[in-house]
Ligand SMILES: CC(C)(COP(=O)(O)OP(=O)(O)OC[C@H]1O[C@@H](n2cnc3c(N)ncnc32)[C@H](O)[C@@H]1OP(=O)(O)O)[C@@H](O)C(=O)NCCC(=O)NCCS
């Protein structure tokens, strides 16, 4: 029927459909978040969809009205663990909102993931720092609540303007005692791979998870390498550091990632210190090391002038480290959950 939304799975080898699908999310994110928008660029999302990753299965859906793309949808299914869970994302072009297209897309995605046995569904929603702390009145939060999602974990997005002067980093650098830090650009060295896989896998349950249903992730070295291949295909560069205990074991890690598709920006991804080695300021030492590495490297996209990061609001230690480095809050990000 004219005016009705028609939802189809995106053929990931059809460049024109991919561009139309991605354009919806891009415009929606710019409209709602301005310079804080973080939607992955078209080449990065395309690389992910075409990667055929073993560890996470991603599918794209487009909603069209009379041939024009108005709704964007994505499902991500963890394949090695959390096999009852799916992540979904929905966005609607701003001029086409409040006509039920978002609801139609979400219903389609829930049916797709439900048919694959996924009974827990997670969705991220962002809202400005200036809005109500629980997001009341913002489109994404109202939409999520309307559809039976409840807030599971509240995160804050912070930004750090670069460069951080060397003397500031020197003053913050806590000293390592008996520990050492190794930092490098690119793939994880072979001798650190197993420890890296274990630390990276433990992050999703070691960081505060609020009320979310999250199972431990499987540590899988092949998945780490698979992820690194995807980073290359996406034009991304990883700046990484590990903390090493006196017996040579890696006991903490951090990574900061840039992309040639977003010059000027870096993303602070995971940071973790093993439970037995907390309280030695290794989190701060790792972040200082990664920042020094980033600032002293020639990034393929040119100079980086800001870093974005997300932390659970309740994660007092990590937030404390970030605030000492100079990160300031700009947005909240709620991870919403729906169980069926
Ligand atoms: C959230 C979003 C997808 C909604 O798309 P949409 O097509 O406007 O949604 P619908 O028309 O299906 O709205 C369904 C219901 O959600 C609620 N809702 C949606 N937008 C709302 C808003 N701005 N304010 C209050 N309630 C809203 C209402 O209850 C609405 O029903 P109603 O129009 O009968 O009152 C869209 O605003 C968007 O793209 N936001 C940015 C991305 C995002 O936050 N996605 C959600 C997380 S996956």
_Residue with peak Gaussian network fluctuation, the chain [Cα springs, cutoff 10 Å], from 290, 71, 16_ = 16
*Once the piece of chain linking residue 228 and residue 57 is laid out straight, how much longer is it, given 0.36 nm per residue of separation minus the C-alpha distance between them?*
59.9 nm
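Any idea what the relative contact order of the chain is, in percent, if you count C-alpha pairs under 8 Å spaced at least 6 apart?
Numbers: 634 pairs, mean separation 73.2, N = 340.
Normalised by residue count, the contact order of the chain is 22 percent.
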*Taking just the C-alpha trace of the range 137-253, give me its Rg and Dmax in Å.*
18.5, 53
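Which percentage, to the nearest 5, of the DSSP beta bridges contained in the range 239-323 is antiparallel? List each step's numbers first, then the result.
Numbers: 12 of 16 bridges.
Antiparallel bridges: around 75 percent, rounded to the nearest 5.
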*Report, for the chain, the % of DSSP beta bridges that are antiparallel, rounded to 5.*
90 percent
_Percent antiparallel among DSSP beta bridges (both partners in the range 1-123, rounded to 5)_ = 90 percent
*With a cut-off of 17 Å, note down the residues of the range 197-235 whose backbone N falls inside the zone around a label point 7 Å from the Cα of residue 314 toward its beta carbon.*
203-216
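Give me D for the range 5-118 in µm² s⁻¹, whole number, from Stokes-Einstein with Rh from the Kirkwood sum over alpha-carbon pairs, 25 °C and 0.890 mPa s. Walk me through the numbers on the way to the answer.
Working: Rh = 14.4 Å.
Rounded to a whole number, D works out at 171 µm²/s.
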*0 to 90° range, to nearest 10: angle between helix 193-206 axis and the chain longest Cα axis*: 60 degrees
*Helix 316-325 vs. the chain, principal-axis angle (Cα, 0 to 90°, nearest 10)*: 70 degrees
_Over the Cα atoms of the range 159-332, what radius of gyration and what Dmax do you get, in Å?_
15.5, 43
*Backbone N under 12 Å from the residue 215 label point (7 Å along Cα→Cβ), restricted to the range 49-89*: 78-86
*By how many degrees, between 0 and 90 and to the nearest 10, does the Cα long axis of helix 282-296 differ from the longest principal axis of the chain?*
80 degrees
*asked:* Once the cut-off is 37 Å, how many percent of the Cα-Cα pairs in the chain end up in the long-distance tail?
replied: 17 percent
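So how do 280, 13 line up by other beta-carbon neighbours within 10 Å, fewest first? Before the final figure, lay out each step's value.
Values: 280 19, 13 10.
Going from least to most buried by this count: 13, 280.
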*Stretch gain in nm, segment residue 99-residue 161, where the contour uses 0.36 nm per residue and the Cα spacing is subtracted*: 18.4 nm
*Find the relative contact order for the range 5-118 and round it to a whole percent, using C-alpha pairs within less than 8 Å whose residues are 6+ positions apart.*
27 percent
*When the chain is treated as a GNM, springs tying every alpha-carbon pair under 10 Å, which of 130, 204, 183 comes out with the largest mean-square fluctuation?*
130
*For the chain, built as a Gaussian network whose Cα springs stay under 10 Å, the top-fluctuating residue of 97, 56, 146*: 146
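Within 10 Å, count the other beta carbons around each residue, average over each peptide in 228-237, 101-110, and list them highest first.
101-110, 228-237
Let me have the relative contact order for the range 159-332, percent, based on Cα pairs under 8 Å that are six or more residues apart.
Details: 279 pairs, mean separation 54.1, N = 174.
The value is 31 percent.
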*State the extension gain, in nm to one decimal, for the chain segment bounded by residue 185 and residue 278, taking 0.36 nm per residue of separation less the distance between their alpha-carbons.*
31.0 nm
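Taking the Cβ-Cβ separation of residue 36 and residue 178 as r and a Förster radius of 41 Å, what is the calculated FRET efficiency to the nearest 0.05?
Working: r = 40 Å, r/R0 = 0.99.
FRET efficiency, residue 36 to residue 178: 0.50.
Computed from the coordinates by the stated procedures, all read-outs in this text should not be read as laboratory data. No experiment lies behind these values; they were computed from the predicted model shown. Note that we place each Cβ from the backbone using ideal geometry, even for glycine, and neighbour counts take in every protein chain shown.
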